[in-house]
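Notes for the one structure printed next.
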Amino acid sequence: MPNHRRNRRVAMLPPMEGFKPFGIPLRELESVTLLCEEFEAIRLVDYENLTQEEASERMNISRPTFTRLYDKARKSVAKAFVEGKAIMIQGGNYITEDYWYRCQDCHETIAAIKPIKQCRNCDSDKITPLNKESS
């Protein structure tokens with residue numbers, strides 16, 4: 001019987017929804033999906049220079065699970081670079097300790113300790129919760 005799948009702890013959601021190759025309209029591109037926890041794995045190891053052991057502890061998952069997650073993330077990014085595809089960062093099986101929102105007007109990503117009703121940048125009330133439990 002397989003172990004219960006734990007939500008991966010994500011400290012920082014991506015400030016953008018994805019990337020695309022320069023000079024090609026998004027509507028003409030195929031895309032690969034990078035899950036939010038895969039983004040976090042790359043951020044922890046490649047940006048913050050943590051070991052996989054340290055990163056797995058931060059994400060509250062085992063080191064072998066982290067290694068599989070990190071390898072999948074790197075392969076997705078490599079595929080997008082080599083094949084000229086867009087990278088869409090979305091979805092996954094994660095939890096965060098803060099409330100995260102994206103403003104639909106100014107596209108700002110907002111982190112807050114408690115729920116908010118409007119964008120801090122442009123005062124718009126068109127904000128979308130990024131946390132699963134907030135949606």
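The values are calculated or read from the model by the stated rules, or taken from the named source; none is laboratory data. Here the structure is a predicted model, which is why all the values come from computation and not from measurement. Backbone-built Cβ (ideal geometry, glycine too); neighbour counts: all protein chains shown.
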Among the candidates ALA73, ALA86, ALA80, residue that is out of contact with any helix residue (DSSP H, G or I) (no Cβ under 9 Å at 6 or more places or on another chain), assigned by TED's automatic domain parsing to the domain that holds THR51 and crowded, with 17+ Cβ neighbours inside 10 Å: ALA80
Matching option when the condition is within 11 Å of the chain's Cα centre (by Cα), aromatic (Phe, Trp, Tyr) and part of a helix (DSSP H, G or I), among PHE81, PHE39: PHE39
Residues that are surrounded by fewer than 15 Cβ atoms within 10 Å (Cβ to Cβ) and in a helix (DSSP H, G or I), drawn from the range 20-36: LEU26, ARG27, GLU28
Check on GLU54, on the phi < 0 side of the Ramachandran plot, in contact with a strand residue (DSSP E or B) (Cβ under 9 Å, 6 or more places away or on another chain) and among the charged types (D, E, K, R): no
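What tally of residues in the range 84-116 results from selecting those that are in a strand (DSSP E or B) and either on the phi > 0 side of the Ramachandran plot or in contact with a Ser or Thr (Cβ under 9 Å, 6 or more places away or on another chain) (or both)?
Pass one, the range 84-116, residues in a strand (DSSP E or B): 86-89, 94-95, 99-103, 109-112.
If we keep only those that are either on the phi > 0 side of the Ramachandran plot or in contact with a Ser or Thr (Cβ under 9 Å, 6 or more places away or on another chain) (or both) as well, we get 86-89, 99-103, 111.
Matching residues across the range 84-116 total 10.
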Among (1) modelled with pLDDT under 95; (2) surrounded by 15 or more Cβ atoms within 10 Å (Cβ to Cβ) - the single one GLN52 does not satisfy: (1)
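Taking the options ALA112, ALA11, name whichever one is closer than 15 Å to LEU130 by Cβ and assigned by TED's automatic domain parsing to the domain that holds THR128. I'd like the intermediate steps shown before the answer.
Working: ALA11 fails: assigned by TED's automatic domain parsing to the domain that holds THR128.
It is ALA112.
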Of all residues making up the range 4-19, the number that are under 23 Å from TYR101 (Cβ atoms) and either not charged (D, E, K, R) or not in a strand (DSSP E or B) (or both): 11
